[in-house]
Amino acid sequence: MDTFKFDSVARLLGSGMTRREALRGLVASAAVAAAGGTLLASEETAARKRRRRNPCRGKNWCDDRTDTCGPAGGYGKCLVTASGNHICAEFLFQASSCTECEAPNCIDCKCVPAEGGTDKCNNGANGYDFVCVRKV
């Protein structure tokens, strides 16, 4: 450190500070720390909400009819889509292929395999291989 910087630092620290100035600095730093803690807490809460666990993970209504989801009294069922994702959805109609679940037949629909026509997921005995559903 050169002598100019050393002298500047020594003058700054040696100038003395009144009690009132010290108290102001302490209160200001405490306010900044508190505000920063509040911001961190709100960011953590938002991140926790984004990482909310899927209530249908590992469940399949086609295998176990008690695997329901969504609002109480609703028609939500835990289902597994053709791509293997677990979703909470309600039945709309049966289909012979997933293309029937696309527009214009259905808007915002997902295709759920009906367990290969074994009627595990179908409500009828016609042997459709897929069910079109909408997320709850």
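The values are calculated or read from the model by the stated rules, or taken from the named source; none is laboratory data. From a predicted model like this one, the values you see are computed outputs, not experimental measurements. When we count neighbours, we look across all protein chains shown, and the Cβ atoms used for this are built from the backbone with ideal geometry, even at glycine.
Values for this structure:
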{"item": "Positions within region 81-115 being under 22 Å from Pro55 (Cβ atoms), assigned to a strand (DSSP E or B) and over 21 Å from the mean Cα position of the chain (by Cα), in sequence order", "result": "Phe91, Leu92, Cys111, Val112, Pro113"}
{"item": "Pairs where the first residue, in region 88-114, is farther than 15 Å from Tyr128 by Cα and the second is crowded, with 16+ Cβ neighbours inside 10 Å and aromatic (Phe, Trp, Tyr), C-beta under 9 Å, 6+ apart", "result": "none"}
{"item": "Condition met for Arg57 (modelled with pLDDT of 85 or more, among the basic types (Lys, Arg), loosely packed, with under 10 Cβ neighbours inside 10 Å and in a loop (DSSP other than H, G, I, E, B))", "result": "yes"}
